[in-house]
Amino acid sequence: MALSSLADFSITDALNTSISGITQAENLMTPGLVNDAFRATDGSIARYLSDLAGINQTVAGTANAITVTVAQTWTALANGLRLAIKNTVGPNTSAATLAVTNSVPAALGTKAIRLQGDSALVGGEMLLNGIYEFRYDTSYNAAAGAWVLLNPSSLSSSLTSNAPFGNVAIGIPTVSGNALTIPITGLDGNVHSASNAGYVNFRSATVGSGAIAQLPITAATSIVISSGSTLGATNNVAFKGWLVAFNDAGTLRLGVINCTTLVSGVLTQYPLAAFGIASSTAEGGAGAADSAQTFYTGTAVTSKAYTVLGWFSYESGLAAVGTYGAAPTRTQTFDASVPLPGRVVNVERNQISSFVTGGTTTPVDDTIPQIGEGNQILTQPITPSSAANLLMIDFLGWGTNSTAAAENITTALHQDAVSNALAARLVTTAAINYGVSLTVSHLMIAATTSSTTFRVRVGSGGATINVNGIAGARLFGGVSSAALQIQEIAA
């Protein structure tokens, strides 16, 4: 048991293994550590002698059923509140029966308070006539001039799993009147309150400062995307909305943004990872939040620090964007494992060095190349992690024609067994056995979370095409290659 005050000591000698971080284990203490341990013990005793003057409240109940009723003022510490009491009832040997009621500040309510240093009481503690120190971890809200309580167990888990932004999670979104409400909760899924408070960490709004500010959340908090607000999405196209929190001069304001738009090959994307200071537009509540790459908040903010909280997605899109008749398909609380927009999520690649030849033609006209035209060079499957993410597909190789002085060669990209090509490019050889680069590139919304296969087909108007070779034979001993690479990019 780690000891830092008299309240931490156990009546079982063997459990008193350290004090103030100084080990008291057998044969491990140097003379210097012995002196330090004595000094720490003396300090603990002195603090308790100081606390004794303030004890004017005892405990109530019977042995093993003790209730601590607190009517006196708690002592404010740098990291919490402290209270010393005297047990005049009897020993408490059952951790489950100790409770603290009528506490000051009132926000403590009937919540159980732990003994300093313990996550729970252990058998033998709270002895008759013993003086004990209770402590509650807190975060001080300087703007409000008050102590805001944090559940110690939630604080501990947040430091482990969600340290970058605090101890909040995205709750279960709800819909009503075709509007979408997204709440934030504690890590336990319960809404925030004075007795189940949370906090969010923010960078400084001063560009040249690396300081961190922390805002508490002591009441149920959510953001509403009003009916009619499209966030820049398109009908029946998967999209992702990111939830953020702004620090508006000490007031926490939730915001939402659709970072990605891809229309006719034109991609625009807001870089959430770039810099955590931005401005927002008021959502307005009237269905006019219709632009992608724009932060929307209940109240507009200007040049304020923001923190990413997570995302929600409609994996099949909405039949009518802005009409939220159903909750999002997915919600994801942000942590270090969640890729921000623009980050590569996955890479799949197929590379061949074999010699490929074929004479199946691809017409050179104003029709879309079909799946049966040209010769299939290679394929590559991928299973996207989100239908809203992007797929960047690139093919690079080289080839020759063996039968014509000048010949058009078409490289086409297909998906699964769909007849129409996704993309195609044309190159013209200058002579027989003249080598040319074969390339095709395409950017698309994944639109699926199932395995999908991309295919590259190469054909000419009538000549025989060779890939990785010339005049019917391989070149470069097998180190020449053609490659198809697919990158999944977070939306």
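For the range 323-362, taking the residues that are in a loop (DSSP other than H, G, I, E, B) and over 25 Å from the mean Cα position of the chain (by Cα), the one that is surrounded by the fewest Cβ atoms within 10 Å (Cβ to Cβ) is identified as G325. Looking across the range 201-226, the residues that are modelled with pLDDT under 90 and either crowded, with 22+ Cβ neighbours inside 10 Å or not assigned by TED's automatic domain parsing to the domain that holds L267 (or both) come down to L215, P216, I217. If only residues of the range 269-307 that are polar (S, T, N, Q) and part of a loop (DSSP other than H, G, I, E, B) are counted, the one that is farthest from G322 (Cα to Cα) is S303. One residue alone among G342, G374 is in contact with a Pro (Cβ under 7 Å, 6 or more places away or on another chain) and either among the small types (G, A, S) or within 24 Å of V418 (Cα to Cα) (or both), and that residue is G342.
Before we move on, is S303 under 30 Å from T206 (Cα atoms), touching a residue at least 40 places away in the same chain (Cβ under 8 Å) and not hydrophobic (A, V, I, L, M, F, W, C)? Criteria met by S303. Residues in the range 244-265 that are in a loop (DSSP other than H, G, I, E, B) and either acidic (D, E) or modelled with pLDDT under 95 (or both): A249, G250, S264, G265.
Looking across the range 296-313, the residues that are under 21 Å from F239 (Cβ atoms) and surrounded by fewer than 23 Cβ atoms within 10 Å (Cβ to Cβ) come down to V308, G310, F312, S313. For G435, the requirement of being farther than 30 Å from N235 by Cβ and in contact (Cβ under 8 Å) with a residue 60 or more places away in the chain is not met.
Every condition in (1) touching a Pro at 6+ places or on another chain (Cβ under 7 Å); (2) within 24 Å of G210 (Cβ to Cβ) holds for S313 except the one numbered (2).
State which residue pairs qualify: first residue charged (D, E, K, R) and inside the range 29-47, second residue modelled with pLDDT under 75 in any location, beta carbons under 6 Å apart, and separation of 6 or more residues or different chains. What qualifies is D36/I22. The single condition from (1) in contact (Cβ under 8 Å) with a residue 24 or more places away in the chain; (2) farther than 18 Å from E488 by Cα that A274 fails is (1).
Every condition in (1) over 20 Å from the mean Cα position of the chain (by Cα); (2) touching a residue at least 40 places away in the same chain (Cβ under 8 Å); (3) under 30 Å from S441 (Cβ atoms) is met by D290 except one, and the failing one is (3). Criterion applied to A447, A404, A424 was being surrounded by fewer than 23 Cβ atoms within 10 Å (Cβ to Cβ) and modelled with pLDDT under 95, and the one residue passing it is A404. Out of S229, S280, one residue alone is of a type in the set (S, T, N, Q) and either more than 22 Å from the chain's Cα centre (by Cα) or outside the structural domain of G210 (by TED's automatic domain parsing) (or both). It is S229. Output yes when any residue across the range 464-474 is within 39 Å of the chain's Cα centre (by Cα) and farther than 30 Å from G317 by Cα, and no when none is. So far as the range 464-474 goes, no, none of its residues is within 39 Å of the chain's Cα centre (by Cα) and farther than 30 Å from G317 by Cα. Exactly one residue among S402, S441, S450 is over 36 Å from the mean Cα position of the chain (by Cα) and of a type in the set (G, A, S), and that residue is S402.
The values are calculated or read from the model by the stated rules, or taken from the named source; none is laboratory data. Given the structure is predicted, the values throughout are model-derived calculations rather than measurements. Neighbour counts are summed over all protein chains in view; Cβ atoms, including those assigned to glycine, are modelled from backbone coordinates with ideal geometry.
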